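Working notes, beginning with the structure itself.
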There are 2 protein chains.
Amino acid sequence: GYTTDPAKVLLTSRLFEVMVFLLGWVILVKNLFSNPAQRYKKLVFELLVAIFLIFSALLRWKVFGDFSEDALLFTRKYFILNALVFLIFVQELGKFSLLVNRLKLSPSLVFILSFSILIFIGTALLYLPLATTSGISLIDAFFTATSAVCVTGLIVVDTSVAFTHFGQVIIMTLFQVGGLGIMTFTTFFGFFFKGSLSIENSLFLRDYINENNVGEITSTLIKIIIFTVLVELVAAVLIFVWTEPALFANDSGRWFFAAFHAVSAFCNAGFSTLSSGLYEPGFRYLYHMHLVVAVTIILGGIGFPVFINYYNYAYRVLRGAVRSAIYGEKYRHTPRVSNINTRLALYTTGALLLVGFVCYWYFERNHTLSGLSPYGKLVTAFFGSVTPRTAGFNSVDMTAMSMPTILIYLILMWIGASPGSTGGGLKTTTFAVALLNTWSVATGKMRVEVFGRQITAETLRKAFAVIALSFLTIGMGVFLVTLFNPELALIDVAFEIFSAFSTVGLSLGITSSLTTGSKLVVAVVMFLGRVGTLTILVAITRKTAELRYKYPEETVFIT
Amino acid sequence: GYTTDPAKVLLTSRLFEVMVFLLGWVILVKNLFSNPAQRYKKLVFELLVAIFLIFSALLRWKVFGDFSEDALLFTRKYFILNALVFLIFVQELGKFSLLVNRLKLSPSLVFILSFSILIFIGTALLYLPLATTSGISLIDAFFTATSAVCVTGLIVVDTSVAFTHFGQVIIMTLFQVGGLGIMTFTTFFGFFFKGSLSIENSLFLRDYINENNVGEITSTLIKIIIFTVLVELVAAVLIFVWTEPALFANDSGRWFFAAFHAVSAFCNAGFSTLSSGLYEPGFRYLYHMHLVVAVTIILGGIGFPVFINYYNYAYRVLRGAVRSAIYGEKYRHTPRVSNINTRLALYTTGALLLVGFVCYWYFERNHTLSGLSPYGKLVTAFFGSVTPRTAGFNSVDMTAMSMPTILIYLILMWIGASPGSTGGGLKTTTFAVALLNTWSVATGKMRVEVFGRQITAETLRKAFAVIALSFLTIGMGVFLVTLFNPELALIDVAFEIFSAFSTVGLSLGITSSLTTGSKLVVAVVMFLGRVGTLTILVAITRKTAELRYKYPEETVFIT
Ligand SMILES: [K+]
Ligand SMILES: [K+]
C-alpha cells in the first residue's frame, strides 16, 4: 500500500530530479564544446536528450508553479515518462563511465568508484516509494543497497515484508551486478557493443580475474558470463522443481522465488524473500532444495579462475578425445592441469568444508540438528558448513546455535571464499599461504613451497598485508559498534562485524537494533570487505616509482 | 597454620621421595659405568651422595614398616635433614642439566625443557604444606607455578592469603628466574663457575639476546644481570620509601613488599602480595609508588637488546669524552647509535604508550578515573597505558572499566612488550613490521624499508608466521575455554586468553571460577605465549637440510 510519508517521497523525487537536471547540463555543455568533426546526427540526438532531461526536471520543479502535490501525482501517473527518463539517465551514466576511463584513473580507483556509484544508485532506487510497502529511512535504504551490492545479505528490514516486488527485483539486480563485479559487467557490455576492450580495462581485468594472457581476456569474460547464467538457470529450475506449488500464490511467484534464490546463492548474496530464510516453515524441510542452494553457493564461491582453469583443461581433453576418435590422432600430452592458485583454492575449500561439516555435526547434535531425520541432519550439517563461508543463508534458527559452533563460524567467516569469486573474506588462498609460510618458517626452510612450486615473495607480502588489514578493519569495526551500541554483547557484535567484513550476512539477530552510527560502520565494513582493504589502500596511496637505490638489509628480532 | 590435609601432605612427600629415590639410582648407575680415569675422590663422593639419597627415600618408605604418620612427623621434625636432601637434589639436577647439554638437543628444545622443568619444580614446591596456609589442589599449584614461571600473573588463589611467606618467596624466585629466561640464568652461572661458555650455549644465546657478536656474549650476559639487579634494587628502595610504615607489621615486611613488587614489576610478572593489587585500600592512592612500578615495568619490557644497544653507545660517548678530556684526543665519530631493532622497539613502545594513555584518559573519565585528583588521573591513566602491555598490575578496579577500554586493552595485550624482554605478546617489532609491510604493499614498493634500512625477507616471513600462530593459539584457547566453561561471556574468556597468551595477567575476574580443563588450557596458552609458538614449532619439527633444488616460482591470487 502507498502509506508513504509525502515529504519523503518528495525528497526522493527531488534527488532524482537534481541528478537528471545536472546530467542534462553536463551532456549539453559537453556537446557544445565537443569536436565539430563528430557526426551531425549523434550531436543532434545528444542535444535532444540533454534538453529532454533538463525539461523533465524543470517540469517537476517549481518553475511552472509551486505544486508539491502535483509532483507526487506525476510520479504515479506518468510512469512511462519516468521510465523513459530513467533509461536515458542510465544510458548516459554508462557513457559517463567511458568518459571516466579517459580521466586515466587507476583501475583500482575505478573499481572502488563503480561500487560506490552502484550503491548510490541502489540507495536512490530502494528509497523510491515504489520499492517499499510502507517506506524506509534513508539509512536503511543505504544499508540495504550496500548489503546487496557487496553481496553481504545483512538486513535491517525484512526483505519479504518491507519491499515490494519492484524493490525485490532491484535488490536482486544489485547483488547480481555487485556479485559478478561491476567491472566485469561494464567491460563485458563495453566489449559487446564496441567489439573490443580498451588496454586499461584489459590490464585491470587481468588482475581482477587472474588471467595472465591479455589476449584471452575477452574470451575469458564471455566464459564467466555464460558460466554464471548457466549455473543460475539450472539452479533456478531445480529450486522451482523442488518447492511445493502450494507455498506460492501462482507459478510466476514460484519462478521469481526460484530465480531470486538461485542468483542469491550463486552470488553468495544470502538475501532471501522469506522472513526466516530457508528456515521458514514450509521450506525448512525441503532438503533437496537446500542441497541445490548449497551446491550453487560452492560453485559461486570457488572463484572464476578455478572454473576457467578446469574449463580449459576439460576443453583440451575433450578436443583431444574427439580428434583421436575422428582423425585417429595419437594421444597428446595435455599440459599441467591446474595452476597453484586453483589447487590451493580447491584443497583449502575441501578441507574447510570437511572440518565445518564434522564440527557442525558434533556441536549441533543437541541443538539445531536435534529432531531432524538422518537425511535432514546430513543436509543441514553440510549446509551449515557451506553457508558461513560468505553465503549467509540460514536453514536453521541462528539463535539456537551452540557457542562452539558460533566460534567456528567466526573462523570460517573470516577465511571466506576463494579469490576471484562472488564471495568475500580473507580468501582461502591467503589462509593457505599463511599456513604454508608458518610451516616453512618452523621447519627452517628458506622458501615457501607447495605442489612443486615456490610461492613468490610478493605473494607472501600481499597475504601478510591482507591479514593485517583484516584485523585492523574488524578490530575498528567491533570497537566502533561497541561504542555506538554499548548494550550489545561482544559475541553478537563480533559475529556481526566478521559477517560484514567477509560479506557473509549471517547475524545473531542484532542488525535491526543497530543505531545509525553502527549501521554506517557495518556498511563501511561490508564495503571494505567486498572491494578489498588492500585495493582501497592501493587506490588512495601515492605510488612509489621504481626504486633505483637499495638500503643495506637488516634483520629485526622476531620471537 | 598447619591445617593441611594429611593425605595430601603424604602425597607430596611421596612425590618428592620418588624423585629423590630415582635420582639416587641415576647417580649410582652413572658412576658405576663411568670412566674409571675420573678422580677417585669425586667418585666416592658421588657414590655416597647416591646412597644417601636412596637411603633417605627408603627411610621414609614402607621398607622399615608401614608408618604414614611417622613420615609426616619426619617431614616436620627432621627439617635440616630434609633441607640437606633438597640441596643435594637441586645440585644433582644442575649437573643433570649439563648432562643434557651433551645429548645435543636443539637449543630451542633445551629452552622449552628448562621452562617445563622449572614449572614442574615450582609446582612441587608450591604444593608443599610449607608453602600454603591451608593447602591447595595440585592443579592450582601447577597453575600458579606456570603463571609465575611464565611471568603472567593470572591467579586462581589469592597470593596474599593462600600462600605463606615461604610460598611467596618461591613464587618470587620463579618469576625472577622465568622472567630473565632460565637459559640466561643457567648459562650465566655455568659461565660464572666454569669461566667459559659452551659453543652451543653461545649460539643459542646469540639468538635469544640478539647479540650477533659471539665474542661479546659473555660480557652482554653480565651486563644484563647487572642491569636487572640494579633496576630492581633502585625500584625496591623507592617503593620502600614511598609506602607508609603503618601499612606493614614491621620494616622487614615492608622490605619484602618492596622487593616483591620491584622484581614483579621488572619481570613484568604482575604478581602482588595484595589481594586487590595496587588497588588495595591504603596503596590505591600512593601515586609516587605507582609511577615507580610503571617505570620499572617499562624498563623491563623494553628488552635487553635495546638496553645493550644504548649501553654500548653511552659507553663509547663517555669513553670519547673522558679521553678527549684527559688525553686531549680529538672528537671521534661514534658509529650508528641504534640498530633497526632498537628503533622499531622504542618508537612502537612510545606510540603505544601515547595511544594507550589518551584512550584510557578519554574512555575512563567517567569510570575508573572519576573522583581522582588531577595528579591521580595522570598517574592512573599512565599506569593504565603501561600495564596491559604484559605487566598485568592493576591500580584500578578492573570490573569497573568501560567496554571501549577493555577492547583497547585486548589490542595492547596482544601486541605486548618488546622482544628479548621479560614480557610476552606478539612483540612491538612484529607489530611494526606488519604495519610497515602493509604500507609497503599498498604503495606498490617491492621492498620494506624503514630508517634507511631494508627489512630482510626472512624477518617478514617470521613476523607473518608469528602473527598467524598467535591467532591460532588464541583462537584455540578461547574455543576450548568456552567449551569447558560454557557459562562464561565471550568478552571475559577472550580477555583471559589474550592476557594469558601475552603473559599479561589482567583478568575480568573469571580465573578462579575456571574448571580444571580451562585452567589447563590457560596454563598451556601462558606457556606457549612465554616460550613462543614459533620456538616450539621449530623445536618439534624435523629440520629440512639446505635445499639444492629450486622450484619454478608462481604467484597466488591474493585480493
Ligand atoms: K553473503
Ligand atoms: K605479566
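The values are calculated or read from the model by the stated rules, or taken from the named source; none is laboratory data. Everything numeric here is computed off the predicted structure, so don't read it as measured data. Glycine also receives a Cβ, built like all others from the backbone with ideal geometry; neighbour counts cover every protein chain displayed.
Quick notes
- Of all the criteria given as (1) away from ligand 1 (no atom under 16 Å from the Cβ); (2) under 18 Å from the mean Cα position of the chain (by Cα), the one not satisfied by A:PHE143 is (1).
- Scanning the range A:371-393 for residues that are in contact (Cβ under 8 Å) with a residue 60 or more places away in the chain and within 16 Å of ligand 1 (Cβ to nearest atom) yields A:PHE383, A:VAL386, A:THR387, A:PRO388, A:ARG389, A:THR390, A:ALA391, A:GLY392, A:PHE393.
- When B:SER513 is tested against (1) away from chain A (no Cβ under 11 Å); (2) closer than 27 Å to B:SER402 by Cα; (3) under 19 Å from the mean Cα position of the chain (by Cα), just one condition goes unmet, and that condition is (3).
- One residue alone among A:ARG461, A:ARG447 is surrounded by 23 or more Cβ atoms within 10 Å (Cβ to Cβ) and without any contact (Cβ under 8 Å) to a residue 24 or more places away in the chain, and that residue is A:ARG461.
- Which numbered condition A:ALA249 misses (of (1) under 20 Å from A:GLY167 (Cα atoms); (2) at pLDDT 85 or above; (3) of a type in the set (A, V, I, L, M)): (2)
- Those residues of the range B:435-487 which are over 30 Å from the mean Cα position of the chain (by Cα) and assigned to a strand (DSSP E or B), in sequence order: B:GLU449, B:VAL450, B:ARG453, B:GLN454
- Any hit, the range A:331-341, residues being at pLDDT 80 or above, away from ligand 1 (no atom under 16 Å from the Cβ) and out of contact with any Lys or Arg (no Cβ under 9 Å at 6 or more places or on another chain): no
- Looking only at the range B:357-403, and only at residues there that are small (Gly, Ala, Ser) and away from ligand 2 (no atom under 16 Å from the Cβ), the one that is surrounded by the fewest Cβ atoms within 10 Å (Cβ to Cβ): B:GLY371
- Out of A:LEU344, A:LEU318, A:LEU353, sole residue that is more than 16 Å from ligand 1 (Cβ to nearest atom), buried (at least 17 other Cβ atoms within 10 Å of the Cβ) and without any contact (Cβ under 8 Å) to a residue 60 or more places away in the chain: A:LEU353
- Counted residues, the range A:366-377 - those being touching a helix residue (DSSP H, G or I) at 6+ places or on another chain (Cβ under 8 Å) and farther than 15 Å from A:ARG284 by Cβ: 1
- Whichever residue in the range A:394-409 is in a loop (DSSP other than H, G, I, E, B) and more than 10 Å from chain B (Cβ to nearest Cβ) and, among such residues, is nearest to ligand 1 (Cβ to nearest atom): A:ASN394
- Selected residue [within 16 Å of ligand 1 (Cβ to nearest atom) and at pLDDT below 90] from A:THR443, A:THR503: A:THR503
- Condition met for A:ALA314 (away from chain B (no Cβ under 14 Å), farther than 17 Å from A:THR387 by Cβ and among the aliphatic types (A, V, I, L, M)): yes
- Residue match in the range B:322-340 (condition: among the polar types (S, T, N, Q) and within 14 Å of another protein chain (Cβ to nearest Cβ)): yes
- Selection count where residues are among the small types (Gly, Ala, Ser), in a helix (DSSP H, G or I) and free of Cβ contacts under 8 Å to residues at least 60 places away in the same chain, scope the range A:125-169: 4
- Selection status of A:THR443, within 9 Å of chain B (Cβ to nearest Cβ), more than 29 Å from A:SER147 (Cα to Cα) and touching an Asp or Glu at 6+ places or on another chain (Cβ under 6 Å): no
- Any hit, the range A:410-425, residues being outside any loop (DSSP other than H, G, I, E, B), within 7 Å of another protein chain (Cβ to nearest Cβ), more than 30 Å from A:ILE225 (Cα to Cα) and in contact (Cβ under 8 Å) with a residue 12 or more places away in the chain: no
- Residue within the range B:278-288 that is away from ligand 2 (no atom under 16 Å from the Cβ), part of a helix (DSSP H, G or I), aliphatic (A, V, I, L, M) and surrounded by 17 or more Cβ atoms within 10 Å (Cβ to Cβ) present: no
- Looking across the range A:480-491, the residues that are at the interface with another protein chain (Cβ under 7 Å from one of its Cβ atoms) and either touching a strand residue (DSSP E or B) at 6+ places or on another chain (Cβ under 7 Å) or crowded, with 19+ Cβ neighbours inside 10 Å (or both) come down to A:THR482, A:LEU490, A:ILE491.
Here is a yes/no grid of residues against (1) at pLDDT below 85; (2) closer than 21 Å to B:TYR347 by Cα; (3) within 16 Å of ligand 2 (Cβ to nearest atom):
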{"site": "B:TRP414", "(1), (2), (3)": "no, yes, yes"}
{"site": "B:ARG453", "(1), (2), (3)": "yes, yes, no"}
{"site": "B:GLU458", "(1), (2), (3)": "yes, no, no"}
{"site": "B:ILE491", "(1), (2), (3)": "no, no, no"}
{"site": "B:THR511", "(1), (2), (3)": "no, no, yes"}
{"site": "B:LEU520", "(1), (2), (3)": "no, no, no"}
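- Verdict on A:THR430 being modelled with pLDDT of 80 or more and at the interface with chain B (Cβ under 7 Å from one of its Cβ atoms): yes
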